[in-house]
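Chemist: I'd like to ask some things about the structure below.
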Amino acid sequence: MRYWRNILTAIVAVAIVAMTSGCSSSDPDKDKSVRTVLVYMIATNTLGSSGFDKLDLAEMDSYVKENGLSECKLVVYHASYDGDPQLFSIEREGGNVVHKVLATYADSRYSTNPERMREVIDDVRELAPSYEYGLVLWGHGTGWALSLKDKSALRSFGPDYGKYMPVDELVSALPDDMFEFIYADICYFGSVEIAYQLRNKTNQFVGSASSYPASGMPYDENLAYLLGFNARVQMAAISTFLHYEGMTGENRSITISLVDCTKLEALADVCKRINALGTEVTPDGIQQYVLPSDGFNIYFDFAQYYRAKAAGNEALLAEFDKALNEAVVYKGATDRIFDRITIDQEHFSGLSTYILGTASEANEAYYATLDWYKNVCQQ
């Protein structure tokens, strides 16, 4: 797997650096870190106006001050209310934490524009070179759907001053095979459709099937797993679950899963054959994940739906369960989501899916452009 090749390369590189007292200035790899983690933070929205970006940056600062970064780098693209977007690294110098500005961008181009995201990623490659990269998406999200409320507005990831980035544009902005992991620290991104759309962009994908706490992942706890010499993405997902599972009341709210994207083609193949059975399944009784206040219900439990479609075909059900268990490496959910949705643990597969005919005409048309529909649902 590419992951282990990268790790082996990094081990050799670090060993060489350790054994030599100095590198020639012509050595192209002398400034490479083991891993660079990019947090793509869009805070020109209600998250930023409420100060959640500052809280998460403070958590990052706290971790770096306490632990340092060893052979890794933490880089943040921060679109805030306070000025033009900046790309900066968070570093420890002596006993202090500093934000070293790597690049500043004119805010005439939205952070949800694929060209801006490509520009930032190119800058990260040049200014924070590494043997391996990880990406955290920070902001609001509506999953693959263009909108949960307004049937015409383009939504998915963002917004930057009201402008969202649809999932196809997000995927188009990401280089193939660059990111070892993508952690979606946003609402509704834990769907089989999004994971499948990202299958050529990353090996490991973390997302939430439901609405997500505004405070997001606990960065001061999770960075230990994402920035260690060997990234432990599953531990980061578990850490996020335990962080919220230990709370009380409405704050005790989280769904999260880790998907091995290298296993998704096998899962898609089984689902395509299940769809070919032609079994009609209504959404009645299928676990749903959209909060009533967020609009109409269009995200349903993936496994519960496909098991219903394959009911009675024991061979296909066995194949489906095997492929699902290999693809969904970890899943966790509290019993309630913001005290407004009850999660039936028996029917929580870690991923949502869409049931054709349950969304607006605009969303249905957009769904037909996604890879999951074209490769799995379309007969």
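Every number in this text was worked out from the coordinates using simple rules, so none of it is lab data. Being a predicted model, the structure only gives us computed values, none of them experimental. Cβ coordinates were reconstructed from backbone atoms using ideal geometry, including for glycine residues, and neighbour counts include every protein chain displayed.
Chemist: Quick one: of the DSSP bridges fully inside the chain, what percent are antiparallel, nearest 5?
Modeler: Numbers: 30 of 57 bridges.
Bridges in the chain are about 55 percent antiparallel.
Chemist: Please state the charge dipole magnitude for segment 54-177, taken about the Cα centre, from unit charges on C-beta atoms (+1 on K and R, -1 on D and E), reported in debye and rounded to the nearest 20. Spell out each step's value before the answer.
Modeler: Working: 13 positive and 22 negative charges, 88 e Å.
It comes to approximately 420 debye.
Chemist: Could the peptides 132-141, 326-335, 306-315 be put in order, highest first, of the mean number of other beta-carbon atoms found within 10 Å of their residues?
Modeler: Descending packing order for the listed peptides: 132-141, 326-335, 306-315.
Chemist: As an exercise, use a Förster radius of 41 Å and the Cβ-Cβ distance of residue 80 and residue 325 to find the FRET efficiency, rounded to the nearest 0.05.
Modeler: On the way: r = 41 Å, r/R0 = 1.00.
Result of the calculation: an efficiency of 0.50.
Chemist: Roughly speaking, what is the stretch gain from residue 313 to residue 273, that is 0.36 nm per residue apart minus the C-alpha to C-alpha distance, in nm to one decimal? Present the calculation step by step, with values, prior to reporting the outcome.
Modeler: On the way: separation 40, 0.36 × 40 = 14.40 nm, distance 1.11 nm.
Contour length minus the Cα-Cα distance gives 13.3 nm.
Chemist: Here's a follow-up. Using the Kirkwood radius over Cα pairs, work out the Stokes-Einstein diffusion coefficient for segment 94-135 at 37 °C and 0.692 mPa s, in µm²/s as a whole number.
Modeler: Values: Rh = 12.2 Å.
This corresponds to a translational diffusion coefficient of 269 µm²/s.
Chemist: What's the Kirkwood radius of segment 302-342 in Å, using all Cα pairs? Don't skip to the end; give the middle numbers.
Modeler: Numbers: mean 1/r = 0.0836 Å⁻¹.
Across segment 302-342, the inverse of the average 1/r is 12.0 Å.
Chemist: Oh, and also: Could you list 262, 112, 248 so that the one with the fewest beta carbons within 10 Å of its beta carbon is first and the one with the most is last?
Modeler: By the 10 Å Cβ count, ascending: 248, 262, 112.
Chemist: Suppose the chain between residue 163 and residue 375 were pulled fully straight at 0.36 nm per residue; how much longer would it get relative to their current alpha carbon spacing?
Modeler: Details: separation 212, 0.36 × 212 = 76.32 nm, distance 2.92 nm.
The span from residue 163 to residue 375 would gain 73.4 nm if fully extended.
Chemist: Mean separation of Cα pairs under 8 Å and 6+ residues apart, divided by the residue count of segment 101-182: what relative contact order is that in percent? Mind dumping the intermediate values first?
Modeler: Numbers: 97 pairs, mean separation 27.1, N = 82.
Averaging sequence separation for qualifying contacts and normalising by length gives 33 percent for segment 101-182.
Chemist: Could you tell me the relative contact order of the chain? Use alpha-carbon pairs under 8 Å, at least six residues apart, and round to a whole percent.
Modeler: The normalised contact order for the chain reaches 15 percent.
Chemist: Percent of Cα-Cα pairs more than 15 Å apart in segment 246-313, please.
Modeler: Numbers: 1527 of 2278 pairs.
Across segment 246-313, Cα pairs with separations above 15 Å total 67 percent.
Chemist: Using per-residue counts of other Cβ atoms within 10 Å, averaged over each peptide, order 370-377, 184-191 from highest down. Walk me through the intermediate numbers first.
Modeler: Values: 370-377: 18.1, 184-191: 27.2.
So the peptides 370-377, 184-191, ranked by packing, come out 184-191, 370-377.
Chemist: Quick check on packing: order 58-67, 41-50 by the mean number of other C-beta atoms within 10 Å, highest mean leading. Don't jump to the answer; show the numbers that get you there.
Modeler: Details: 58-67: 17.0, 41-50: 20.3.
Top of the packing list down: 41-50, 58-67.
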